[in-house]
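Working notes, beginning with the structure itself.
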Amino acid sequence: MNKIKLYTLVILSIAFFTINRANAQCCGAGNPVSGFGNVSGLPFKTLLIGSNYKYSYSDQYYSGSDKTDISPDKSYYNFVGVNMAYGITNRLSVRADIGYFINKSKIYNIQGWSPMKGNGLGDAELSVRYTVVKRVLKKFDVIPGFGVKLPVGVFDQVVDDVKLPISLQPSSGSVKYNVNVFVFKGINKHSVSFRAFAEFANRIQSENFDYKYGNLYIVSAYGSFSINKKLNLLSQLRYEFREKSMRENKQIVESSGGQVLFFIPQLNVMPTESFGISLYADIPLYKYMNGTQLSNKFAISIKLSKSINFNKNCEPQKI
Amino acid sequence: MMTKILYSVILLVAILASSCTKNDSESDGTGNVTIESLIADDTVLNVWVPTKIMVTATGEGLVYNWEADHGELNGSGSQIEYMAGTCCTGINTITCTVANSTNSDSKQIKIRILPFK
């Protein structure tokens, strides 16, 4: 395998590390997808295009770490996202994400209550990453990044003359910032990685809502195992911690925020050197919900990635 | 190649954006609109307990719009149901706006949601 092929495989493998941010809570305004992570290692003049679909389902209320016997409602959503990332230099890359909720629904176990459904454009995210440490021969990268999420989509959505609750609004309604760092270490054909991520939410102040989601902190550890050139398995352990939300007059929402530990098995298939398909599931192993909250039961996703190299010279990357 | 990809993405975003529409009713009525009362069966509730909220208004060709700053509304027209889960304990505001094509009137009602036990 020549260097270009190897490089493409590495890019696609890293692209698959994109993870869907399944909130500790089941649902909240704005995209479920966080754009961090999958532009790492993008070489000069390489474009990475991706699209993903996610289905998430929530039907279980938790108090602390215990399941409750309460079941007033359940919720689910179907979401599609597209993203593009581009290597401006061998170390600097930019990425744009946008998403669309096909539906974001809630079904009530209350007599006479109809299901409610929101749909529409979610948030857009722009992010920048810079590889501060890159050791090609040692297969070791350290890549910090910064992103901003913009509420370009539908917020304050009204259905049948009734404004949807904030949890069913497709867009988050506020600007969010995130910082993250990604550390990658290749070991022969396999790899281990680590990621730390923090997202800071601004206060939502729309014509109807005055609300601030709690900040979100995530740490993830990955192990990647290459079966062959076209097949790769990835296991991820992800710990999420979300602070409590705040409503008007700085009132703390006691039943908000919490901690979740996820196991995320992932199968990556690369039919060609520049095209990949990834299937994965978010399986919660441990949850601690502040107060009593509806919690995510599972999520499944599929992701397609295509890389295009516009650098005709394809010079080997400098160490 | 790059231009084609860029155009494709712009087209996709435009299609997605164009599908985002508010689902509001429109009225053909004209003239003054006045809300005479906005009342709820209960104004102090436990979580997940629904209550009926009714508005009485005068005017021609009236359309009723509802919104809650916290909690959930279900139904439509001059009578609707409201409830709130554990996310939304405290004093919540429900706003009803009654309108026709020329005028509108709004009124608010406060409902207190008790902490979950």
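A few comments on the model shown:
- Residues of the range A:202-224 that are aliphatic (A, V, I, L, M) and either assigned to a loop (DSSP other than H, G, I, E, B) or buried (at least 17 other Cβ atoms within 10 Å of the Cβ) (or both): A:Ile204, A:Leu216, A:Ile218.
- Condition check for A:Gly87: at pLDDT 50 or above, surrounded by 20 or more Cβ atoms within 10 Å (Cβ to Cβ), in contact with a Gly (Cβ under 7 Å, 6 or more places away or on another chain) and of a type in the set (Gly, Ala, Ser): no
- The range B:24-55, residues that are of a type in the set (D, E, K, R), over 23 Å from A:Gln111 (Cα atoms) and assigned to a loop (DSSP other than H, G, I, E, B): B:Asp24, B:Glu26, B:Asp28
- Within the range B:63-92, considering residues that are polar (S, T, N, Q) and over 11 Å from the mean Cα position of the chain (by Cα), the one farthest from A:Met289 (Cα to Cα): B:Ser78
- Exclusive hit being closer than 27 Å to A:Arg203 by Cβ and at pLDDT below 95, set A:Ser105, A:Ser172: A:Ser172
- Meets criteria (surrounded by fewer than 19 Cβ atoms within 10 Å (Cβ to Cβ), in a strand (DSSP E or B) and at the interface with another protein chain (Cβ under 9 Å from one of its Cβ atoms)) for A:Ala96: yes
- Hey, A:Val148 surrounded by fewer than 20 Cβ atoms within 10 Å (Cβ to Cβ), under 18 Å from the mean Cα position of the chain (by Cα), under 22 Å from A:Phe182 (Cβ atoms) and more than 9 Å from chain B (Cβ to nearest Cβ) or not: yes
Every residue, every condition in (1) touching a Phe, Trp or Tyr at 6+ places or on another chain (Cβ under 7 Å); (2) under 26 Å from A:Leu126 (Cβ atoms), yes or no:
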site: A:Ser206; (1), (2): yes, yes
site: A:Phe209; (1), (2): no, yes
site: A:Tyr213; (1), (2): no, yes
site: A:Leu216; (1), (2): no, yes
site: A:Val219; (1), (2): yes, yes
site: A:Gly223; (1), (2): no, no
site: A:Arg242; (1), (2): no, yes
site: A:Arg247; (1), (2): yes, no
site: A:Gln251; (1), (2): no, no
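- Restricted to the range A:225-255, and to residues there that are aromatic (Phe, Trp, Tyr) and in contact (Cβ under 8 Å) with a residue 24 or more places away in the chain, the residue that is surrounded by the fewest Cβ atoms within 10 Å (Cβ to Cβ) is A:Phe225.
- The sole residue among A:Ile227, A:Ile264, A:Ile252, A:Ile277 that is within 14 Å of another protein chain (Cβ to nearest Cβ) and in a strand (DSSP E or B) is A:Ile252.
- Selection status of A:Val158, free of Cβ contacts under 8 Å to residues at least 12 places away in the same chain and buried (at least 16 other Cβ atoms within 10 Å of the Cβ): yes
- Members of the range B:83-116 found to be at the interface with chain A (Cβ under 10 Å from one of its Cβ atoms) and either over 28 Å from B:Asn32 (Cβ atoms) or in contact with a Pro (Cβ under 7 Å, 6 or more places away or on another chain) (or both), listed by number: B:Met83, B:Ala84, B:Gly85, B:Thr86, B:Cys87, B:Cys88, B:Thr89, B:Gly90, B:Ile91, B:Asn92, B:Pro115, B:Phe116
- Residues satisfying the stated conditions in the range A:118-167, i.e. charged (D, E, K, R) and either in a strand (DSSP E or B) or closer than 21 Å to B:Thr97 by Cα (or both): A:Asp123, A:Glu125, A:Arg129, A:Lys134, A:Arg135, A:Asp141, A:Lys149, A:Asp156, A:Asp160, A:Asp161, A:Lys163
- In the range B:87-103, the residues that are in a strand (DSSP E or B), without any contact (Cβ under 8 Å) to a residue 40 or more places away in the chain and on the phi < 0 side of the Ramachandran plot: B:Ile91, B:Asn92, B:Thr93, B:Thr95, B:Thr97
The values are calculated or read from the model by the stated rules, or taken from the named source; none is laboratory data. Quick caveat: nothing in here was measured; it's all calculated off a predicted structure. Here Cβ is always computed from backbone atoms with ideal geometry, including for glycine, and neighbour counts include all displayed protein chains.
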